[in-house]
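S.K.: The following block contains the structure, expressed as structure tokens.
The values are calculated or read from the model by the stated rules, or taken from the named source; none is laboratory data. Here the structure is a predicted model, which means the values were calculated and not measured. Ideal geometry is used to build each Cβ from the backbone, glycine not excepted, and the neighbour counts take in all protein chains shown.
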Amino acid sequence: MKELPLTVRRSIELIGICLLGALLAIGSDIIMPVLMAFFLSIVLLPTYRFLRKKRFPEVLAILLPILFGAVFIGSVIWFFSNQISILVADFPQIQRNISFHLNNLSYWINSKTDFSTQEQIKFLNEQSNKLLTNAGNIIGGAAGSITSGFIFIGLVPIYIYLFLSYKNLLLRFVFVWFKQDQHKKVKEVMKETEVIIKSYIVGLLIQIAYITILLGGILLILDIKHAILIGVIFALLNLIPYVGALIGNLIGVLLTLTSSQELLPIFIVLGVIAIVQFLDNNILMPRIVGSKVKINAFAAILGVFISGTLAGVSGMFLALPMVAVLKIIFDRSEMFKPWGILLGDENPIRSPMHFPKLRISNEKIDEELKEQNDIKSVDNEDNK
């Protein structure tokens, strides 16, 4: 059969990517619980294997890890709810602090502009009326989101059970899909995918714990009100790459403003967050997750925004592991290898414009680029 021209192949690839995005957007309510369950089932796989080696019945070996996971998530939700209840108990003081800050802001605007206090009040009333007009839609949307959330939470454990129960069937399906001479590459992709997903998700769970303890503990010592809540919120939002940290900073500032009439605590909160984030990004997280697959910042940010647009908050949380899995698949495929290069962080020191060998992709050049960028392969780590 005659090989298709390069431009036709690239056009087909782009159409395929667009169709994949459209499928994710249309069927996100179905696809996202399945993806979440797939990632979590891989995390629970070592526990399942351990219990099976200890001769636990298969049903019990599947249900126990799911139960442990449910207890852990339930504990996190309880802890978060407890912190929210403390915040609600301080609501009268929060109202007084907000009024104080709004008055100060009003005086500052009066001193700097011609926007009078009456005009400011009129503007606030107009915005309040608009907000009240749309309140029904907002509440309806929130109710729909809560309902979808409960359905999501209810489906994930069922899908995890089915993934673990039918894992051999699913593996056979994947192998049969490919020709026999490609089975070695398929096995490598599966092995690498399992390692990456486990290290990433387990690393995120550890990250939530130490950021909550470190950030919340330091703010508590410095006598910042709602310190633990700020730590928990920032730790959870930090799971969303790049964007989450920014939102976490804003929420930390807002919580501090509502709990104090002084500006010094705001600078303390921002300073502590900056220190904790520096330690997390440069020392702690690289050691926990490792450097087996690196996604460049451009691909990561774009992946977060695209996933968030197509699949909501759950898409933003799963953006990086999904991009990492796609990179693993692309790297093992001759057809899609350019896309793997685009997603990766194997940044050449020298320009391909002046060094022709960098214009092609082979194993030797790929290994040199990985060494330059301190990226370790799964095979290398297994051989240690």
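S.K.: Can you say whether LEU239 is outside the structural domain of LEU51 (by TED's automatic domain parsing), farther than 26 Å from GLY315 by Cβ and either within 15 Å of the chain's Cα centre (by Cα) or in a helix (DSSP H, G or I) (or both), as far as the supplied structure shows? Steps first, please.
M.R.: Working: outside the structural domain of LEU51 (by TED's automatic domain parsing): yes; farther than 26 Å from GLY315 by Cβ: no; either within 15 Å of the chain's Cα centre (by Cα) or in a helix (DSSP H, G or I) (or both): yes.
It is false that LEU239 is outside the structural domain of LEU51 (by TED's automatic domain parsing), farther than 26 Å from GLY315 by Cβ and either within 15 Å of the chain's Cα centre (by Cα) or in a helix (DSSP H, G or I) (or both).
S.K.: Still on this structure: So which of ASN82, ASN97 is assigned to a helix (DSSP H, G or I), modelled with pLDDT of 75 or more and under 30 Å from LEU264 (Cβ atoms)? If you could, list the steps in order and put the result at the bottom.
M.R.: Numbers: ASN97 fails: modelled with pLDDT of 75 or more.
Result: ASN82 is the single residue among ASN82, ASN97 that is assigned to a helix (DSSP H, G or I), modelled with pLDDT of 75 or more and under 30 Å from LEU264 (Cβ atoms).
S.K.: Another question about this same structure. Residues GLY74, GLY21: which one is outside any loop (DSSP other than H, G, I, E, B), farther than 14 Å from VAL156 by Cβ and within 22 Å of the chain's Cα centre (by Cα)?
M.R.: Working: GLY74 fails: farther than 14 Å from VAL156 by Cβ.
Result: GLY21 is the single residue among GLY74, GLY21 that is outside any loop (DSSP other than H, G, I, E, B), farther than 14 Å from VAL156 by Cβ and within 22 Å of the chain's Cα centre (by Cα).
S.K.: Moving on. List pairs: first in the stretch 39-53 and farther than 11 Å from LEU164 by Cα and not assigned by TED's automatic domain parsing to the domain that holds VAL189, second at pLDDT 90 or above and surrounded by fewer than 18 Cβ atoms within 10 Å (Cβ to Cβ), Cβ under 7 Å, 6+ apart or cross-chain?
M.R.: LEU51/LEU64
S.K.: Let me ask something else about it. Within the stretch 54-64, track down each residue that is surrounded by 14 or more Cβ atoms within 10 Å (Cβ to Cβ), out of contact with any Phe, Trp or Tyr (no Cβ under 6 Å at 6 or more places or on another chain) and either assigned to a helix (DSSP H, G or I) or touching a residue at least 24 places away in the same chain (Cβ under 8 Å) (or both).
M.R.: Taking the stretch 54-64 and keeping what is surrounded by 14 or more Cβ atoms within 10 Å (Cβ to Cβ), we get 56, 61-64.
From what is left, the residues that are out of contact with any Phe, Trp or Tyr (no Cβ under 6 Å at 6 or more places or on another chain) are 56, 63-64.
The answer is LEU63, LEU64.
S.K.: Of everything in the stretch 260-274 that's assigned to a helix (DSSP H, G or I) and surrounded by fewer than 13 Cβ atoms within 10 Å (Cβ to Cβ), which residue is modelled with the lowest pLDDT? Let's see the steps before the verdict.
M.R.: In the first step, residues of the stretch 260-274 are kept if they are assigned to a helix (DSSP H, G or I); the result is 264-274.
Retained after the next criterion (residues that are surrounded by fewer than 13 Cβ atoms within 10 Å (Cβ to Cβ)): 264, 267, 271, 274.
Numbers: LEU264: 78, PHE267: 82, GLY271: 87, ALA274: 86.
Applying the filter and picking the extreme gives LEU264.
S.K.: Suppose the filter is surrounded by 21 or more Cβ atoms within 10 Å (Cβ to Cβ) and not β-branched (Val, Ile, Thr); does LEU229 pass it? Steps first, please.
M.R.: On the way: surrounded by 21 or more Cβ atoms within 10 Å (Cβ to Cβ): yes; not β-branched (Val, Ile, Thr): yes.
Yes; evaluated as a whole, the condition is true for this residue.
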